[in-house]
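A short write-up of the structure that comes next.
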Amino acid sequence: MSKTLQGQKGIDARRVSAWLEENIADVQGPFTFRLIVGGRSNLTFEVRDANGRKMVLRRPPLGEILPSAHDMRREHKIISALEPTAVPVPKTLGLCADPDVNGGAFYVMAFAEGAILRDLPEVEAASRLEAAVPFGDSESLDRLRERTEDAELRPAGGSTLLDANVPRPRERKPAGPAAEDRGPES
């Protein structure tokens with residue numbers, strides 16, 4: 001992909017800006033795009049409009065990818081399905097499935113303030129602090145697991161994204177070095 005108007009790889013600023021103004025309510029260009037670094041594969045951008053409204057744009061990585069990998073439509077569908085539940089997710093604002101706009105499908109969601117956890121040690125450290133992690137308590141994880149186990153959110157292979165990435169409560173290890181000293185749980 002060539003450099004964009006703002007020089008940000010992964011964003012065709014002119015086309016994405018036009019799409020945002022046509023498809024997202026109450027936004028006004030010009031827009032700025034800033035890559036949120038540290039992700040593992042999909043690109044995540046903070047988007048700001050002329051009024052300072054912050055949003056997040058997610059898109060697949062640059063380069064060749066398998067058609068079934070990095071499915072922005074599925075990610076958008078899962079987050080949208082979780083919105084009316086007690087699971088804390090940002091509000092989805094729009095999905096663009098037209099690859100001519102930005103080289104691949106992307107979606108836009110509301111910006112949620114909070115810690116960006118990039119690896120397992122950061123997640124474990126934040127879960128001990130509880131307040132830093134929106135999914136830090138087991139109730140939120142249980143609600144998320146229940147909702148993602150719906151057939152419509154399950155990929156063809158069977159397991160959910162949550163199953164592959166978050167241990168069930170009985171599998172979680174107690175936090176902290178004193179856990180071994182507590183003795184058997186009753």
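The alpha carbons of region 13-110 give a radius of gyration and a Dmax of 13.2, 38 Å, in that order.
Placing pseudo-labels 7 Å out from each Cα toward the beta carbon at GLN28 and ALA86 gives an inter-label distance of 4.0 nm.
Report the extension gain between ARG73 and GLU21 in nm, rounded to one decimal, defined as 0.36 nm multiplied by the number of residues separating them, less their alpha carbon distance. Please list the in-between numbers first.
Values: separation 52, 0.36 × 52 = 18.72 nm, distance 2.02 nm.
Stretched fully, the ARG73-GLU21 segment lengthens by 16.7 nm.
Modelled this way, with points 7 Å down the Cα-to-C-beta line, the labels at ARG118 and ASP98 are 3.5 nm from one another.
Values quoted throughout were computed directly from the atomic coordinates according to the rules given, and no laboratory measurement underlies them. Note that the structure is a prediction, hence the values are computed from the model and not measured. Neighbour counts are summed over all protein chains in view; Cβ atoms, including those assigned to glycine, are modelled from backbone coordinates with ideal geometry.
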